[in-house]
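Structure first, commentary second.
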Amino acid sequence: MVIDDSNTIRRSAEIFLKNAGYAVILAEDGFDALSKIADQHPQIIFIDIMMPRLDGYQTCSLIKRNDRFKSTPVIMLSSKDGLFDRARGRMAGSDEYLTKPFTQETLVAAVTEYVKI
């Protein structure tokens, strides 16, 4: 699953992951994502930090507090690469932190590392 309020980022990630053979679920914000997560139970979640209404940190925290989804890997996506941002992501429960712009290789590497098929 890719959660990002930017249509360009969502579509780029979708193309990269589909080209690598993965099914992709898209969501444009945290509220949209939470209902889709409950319905479709994705194996990995990439989530933008800066989003309106429910930001990435809040969304990650809600996912990780749910017993059904707490083991689902959550990868934070951000254009910020500061130590504070990475630490805040870890405190919210994220498993990894990728800096935008990302490449197909970095997304696929994260899936390969965290999703055991």
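Nothing in this text is a laboratory measurement; each read-out follows from the coordinates by a stated rule. Quick caveat: nothing in here was measured; it's all calculated off a predicted structure. Using ideal geometry, Cβ is built from the backbone for each residue, glycine included, and neighbour counts are taken over all protein chains shown.
Of note:
- Pairs of Cα atoms farther than 16 Å apart, the chain, %: 54
- Contact order, relative form, for the chain: 25 percent (alpha carbon pairs under 8 Å, 6 or more residues apart, mean separation divided by residue count).
- Modelled spin labels at residue 23 and residue 38, positioned 7 Å past Cα toward Cβ, are 2.0 nm from each other.
- Working note: 222 nm ellipticity from helices only, DSSP H runs with n ≥ 4, each -39,500 (n - 2.57), summed and divided by the residues of the chain, gives -14000 deg cm²/dmol to the nearest 500.
- Cβ charges +1 (Lys, Arg) and -1 (Asp, Glu), total dipole of the chain, debye: 240
- Note on the chain: GNM, Cα springs under 10 Å; of 63, 75, 25, the largest mean-square fluctuation is that of 25.
- Added length on full extension, which subtracts the Cα-Cα distance from 0.36 nm per residue, residue 58 to residue 71: 3.0 nm
- Listed by chain and number, the lysines whose alpha-carbon sits under 24 Å from that of residue 70, ignoring those within fewer than 8 places in the same chain, are 36, 116.
- Cβ crowding within 10 Å averaged over residues, with 101-111, 39-49 ranked highest first: 39-49, 101-111
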